[in-house]
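The values are calculated or read from the model by the stated rules, or taken from the named source; none is laboratory data. All of these numbers come straight from a predicted model, not from anything done at the bench. For neighbour counting, all protein chains shown are included, and Cβ atoms are generated from backbone atoms with ideal geometry for every residue, glycine included. Surface accessibility is based on the protein's heavy atoms, side chains included, excluding ligands, DNA and RNA. Shrake-Rupley method; radii C 1.70, N 1.55, O 1.52, S 1.80 Å.
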Amino acid sequence: MKTVTIDPYNQIWHEMVSGEREDLYISRFMASLKSFAVKHDVCINLVAHQVTPVIEKNMNYPKPNLYRVKGGGTFADKTDNLLFVWRQHRNTNKKDTTVIVGSEKIKKQMLVGFPGEIQLAFNPAMNRYNEINELSPLSDISVDGVQLEPFETNHLN
């Protein structure tokens with residue numbers, strides 16, 4: 001499947017009509033993305049970061065909340081699937097690589113799957129998420145007896 005990723009949403013140049021409410025603009029923007037995706041048979045991943053929560057020095061980050069994203073309710077109404085990545089302990093332990101990846105909304109559950117969460121570990125050397133205490137399947141790749149390093153794919157083409 002072909003994919004388009006827009007990361008982050010707030011870095012796009014948005015052209016709102018004079019006097020247009022933000023929620024109506026986001027609705028129109030999301031409709032245009034969906035139309036583009038259907039027309040070109042692509043999956044669009046739109047990344048919208050929430051406002052960094054104000055927390056005390058030794059407190060963990062709260063679970064991501066769609067309504068902390070500006071215009072979040074409209075995104076929820078217009079999206080098919082809504083996922084989040086939560087680095088809960090980032091504020092209290094910068095070396096903790098634990099990440100919770102979850103879904104808050106799955107539109108076609110019988111086709112796509114059900115909402116849920118999984119705890120993973122982020123591997124910064126590979127820039128990948130792995131199961132806790134598991135090596136990445138990419139960590140032991142060799143082609144014609146040559147051990148490949150992360151992101152070294154020129155031997156594959």
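Considered as a group, the residues in the stretch 48-65 that are at pLDDT 80 or above and within 24 Å of Ile12 (Cβ to Cβ) include one that is most open to solvent (accessible area, probe 1.4 Å), and that residue is His49.
Taking (1) under 18 Å from Phe75 (Cβ atoms); (2) open to solvent by 50 Å² or more (accessible area, probe 1.4 Å) in turn, Glu20 satisfies each apart from (2). Of all residues in the stretch 94-121, none satisfies the criterion of being within 18 Å of Asn65 (Cβ to Cβ) and assigned to a helix (DSSP H, G or I). Can you tell me which residue is modelled with the lowest pLDDT among those in the stretch 9-47 that are under 26 Å from Gly102 (Cα atoms), of a type outside the set (Asp, Glu) and not in a helix (DSSP H, G or I)? If we take residues in the stretch 9-47 being under 26 Å from Gly102 (Cα atoms), of a type outside the set (Asp, Glu) and not in a helix (DSSP H, G or I), then Ile12 is modelled with the lowest pLDDT.
Could you run through the stretch 122-157 and say how many residues are at pLDDT 80 or above, not in a strand (DSSP E or B) and not hydrophobic (A, V, I, L, M, F, W, C)? Residues that pass the stated criteria total 2. Taking the stated definitions as given, is Lys63 over 26 Å from Val4 (Cβ atoms), in a loop (DSSP other than H, G, I, E, B) and within 17 Å of the chain's Cα centre (by Cα)? So Lys63 passes the test. Considered as a group, the residues in the stretch 66-83 that are open to solvent by 50 Å² or more (accessible area, probe 1.4 Å) and part of a loop (DSSP other than H, G, I, E, B) include one that is modelled with the lowest pLDDT, and that residue is Lys70. The conditions of being in contact (Cβ under 8 Å) with a residue 12 or more places away in the chain and either more than 16 Å from Pro8 (Cα to Cα) or assigned to a loop (DSSP other than H, G, I, E, B) (or both) are met by Asn91.
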